[in-house]
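Computed from the coordinates by the stated procedures, all read-outs in this text should not be read as laboratory data. Computed from a prediction, not measured in an experiment: that's the story for all the values here. Don't worry about glycine lacking a Cβ; one is built from the backbone with ideal geometry, like all the others, and counts go over all protein chains shown.
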Amino acid sequence: MRLLDRATFTVAIGDADAHGKNLAFLHPEPGVITLAPLYDTVPTMAWPKLRAEAAMSVGGVTRLPEVDRAALIREGVSWGLPPDVVAARMDDVLDRLRAVLSADAGDVPAMGMVKDRVKALMGSS
């Protein structure tokens, strides 16, 4: 579920550079494995000269601007999760992100792009 949270966040902020080396595992004690905190996340879509091709496909889509709600749900389903569980978890992440984005961040260029992506990913929910 935490990996789905990260995929949703990465798509929402427009980070085309999210790749396998940006994920790490922690072994806090024998037999316990958990995801490390997020790192190296950058809203690359805020800079038009950077590539739009995602480092990893999401639901079979490789162009990050084309990754939509359906693609994220397909991705989660491909991991064996039920579609309604994927949608609910995505909505939770997007709701939290939308709440953070509602704060006045002044003139932050990426803010508008991320707000638009969150709104689009929320769909009709």
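With respect to the conditions (1) more than 15 Å from T10 (Cα to Cα); (2) in contact with a Lys or Arg (Cβ under 9 Å, 6 or more places away or on another chain); (3) among the aliphatic types (A, V, I, L, M), A99 falls short on a single one, namely (2).
Does A88 satisfy being without any contact (Cβ under 8 Å) to a residue 24 or more places away in the chain, closer than 21 Å to R2 by Cα and surrounded by fewer than 13 Cβ atoms within 10 Å (Cβ to Cβ)?
Numbers: without any contact (Cβ under 8 Å) to a residue 24 or more places away in the chain: yes; closer than 21 Å to R2 by Cα: yes; surrounded by fewer than 13 Cβ atoms within 10 Å (Cβ to Cβ): yes.
Taking the combined requirement at face value, the residue satisfies it.
Just a yes or no: is a residue in the stretch 16-34 under 23 Å from D116 (Cα atoms), in contact with a Leu (Cβ under 7 Å, 6 or more places away or on another chain) and of a type outside the set (A, V, I, L, M, F, W, C)? Scanning the stretch 16-34, I find no residue that is under 23 Å from D116 (Cα atoms), in contact with a Leu (Cβ under 7 Å, 6 or more places away or on another chain) and of a type outside the set (A, V, I, L, M, F, W, C), so the answer is no. Total residues in the stretch 51-62 satisfying the condition of being over 15 Å from L4 (Cα atoms) and surrounded by 14 or more Cβ atoms within 10 Å (Cβ to Cβ): the figure is 5. Given the condition touching a residue at least 40 places away in the same chain (Cβ under 8 Å) and either of a type in the set (V, I, T) or surrounded by 11 or more Cβ atoms within 10 Å (Cβ to Cβ) (or both), answer yes or no: does some residue in the stretch 27-38 qualify? No: zero hits.
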